[in-house]
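The structure appears right after this line, and notes come after that.
Since every read-out is calculated from the coordinates, none of them should be taken as a lab result. Because the structure is a prediction, the values reported are computed rather than measured. Every residue, glycine as well, gets a Cβ built from its backbone with ideal geometry; the counts of neighbours run over all protein chains shown.
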C-alpha cells in the first residue's frame, strides 16, 4: 500500500489549482476522480475532500456523481443540455448543485392563439393551465419558467405538487409519457417585472428557452418559456453524425 502523507489543506488547494492551470482545463472538463487525485498527491481521500470543499465554496470545482462523475472545473454555472428530457433537478444533482423550486403562480386561463396552434387544442376546449416557477441554484436565482399545459388532457393538474417535475406527474397520474422535446435558445430583454426575481438589473438580457414537449403519440403536452440569468448557466448540445445511406 502506498505511503500517505499529511498535507495542509492550503497546500492541497494550491496543488489542485496548479494542476488545473497547467492542463489549461476549461469549465466542465474533468480534473480526475477523488481516488486518482488522492493517489497522485499521496494523501488520504479525507484530506483531499477538505481541499475540494474549499474549492467548491469558491465555485472553482464541482463534484459530479454517476458513472462519469468526478471532480470537474467549474465557474459556478449549471451546464444545461438542450433538446433533452433530463430534468433540471437531475442535471443539478448530477453536477453537485443544490436546486430548489418555488411556485410563483398557477391558474386556469383562456388559451391564446399560440396555445391553440402549438398545443393543437380543440376549438371547444380553449383553456390551459398557466404555471410559473422560480428555480434557485445554490441559493441564487437561476430561472423563471412559465409553462402552459392543455387543461383538457390533465384534469385537476393544479392539485398536483407543482414544485415537483411535471413529466413525472404526467406519467404517474395521467399515463402520459413525455417522449421528445423541441427547444430554441435566444437572448431577450428581461421583462421588468422579473428582473428583481432573477436578481438582475433592469434592462438586462436573459437567455430564453422556448420548449414544446411531445408524448409517445407525438401530441404536444406542454409548451414553456424559461428565462435564465446568463451568469448562472451554460448551454450544451451533443450530437453525432451518421453516414448518409445511398
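Is the stretch 96-232 rounded, prolate or oblate when judged by the Cα gyration tensor, a ≥ b ≥ c being the square roots of its eigenvalues, rounded requiring a/c under 1.5 and prolate requiring a/b larger than b/c? Taking the square roots of the gyration eigenvalues as a ≥ b ≥ c, the stretch 96-232 is prolate.
With a/c under 1.5 counting as rounded, go ahead and sort the stretch 1-60 into rounded, prolate or oblate using the C-alpha gyration tensor (a ≥ b ≥ c being the square roots of the eigenvalues; past the cut-off, prolate if a/b is larger than b/c, else oblate). Prolate is the answer for the stretch 1-60, as a/c is 1.5 or above and a/b outweighs b/c. For the stretch 79-97 and the stretch 114-130, what is the separation of their Cα centres, given in Å? Spelled out, the Cα-based centre of one part sits 29 Å from the other. Is any residue of the stretch 130-157 close enough, with backbone N under 11 Å, to a label point placed 7 angstrom from the Cα of residue 116 along the Cα-Cβ axis, and if so, which? Under cut-off, by backbone N: nothing. Normalised by the number of residues in the stretch 9-73, the mean separation of alpha-carbon contacts (under 8 Å, six or more apart) gives a relative contact order of 42 percent.
Stretching the chain fully between residue 125 and residue 19 yields a gain of 32.1 nm (0.36 nm per residue, less the alpha carbon separation).
In terms of its C-alpha gyration tensor, the chain comes out prolate, because a/c is 1.5 or above and the ratio a/b outweighs b/c.
In the chain, helical runs assigned H by DSSP with n ≥ 4 each contribute -39500 (n - 2.57); averaged across all residues and rounded to the nearest 500, the mean residue ellipticity at 222 nm is -7500 deg cm²/dmol. Mean-square fluctuations from a GNM of the chain, with a 10 angstrom spring cutoff on Cα atoms, peak among 63, 234, 35 at 35. Once the Cα atoms are used to define both axes, helix 9-22 deviates from the longest principal axis of the chain by about 70 degrees.
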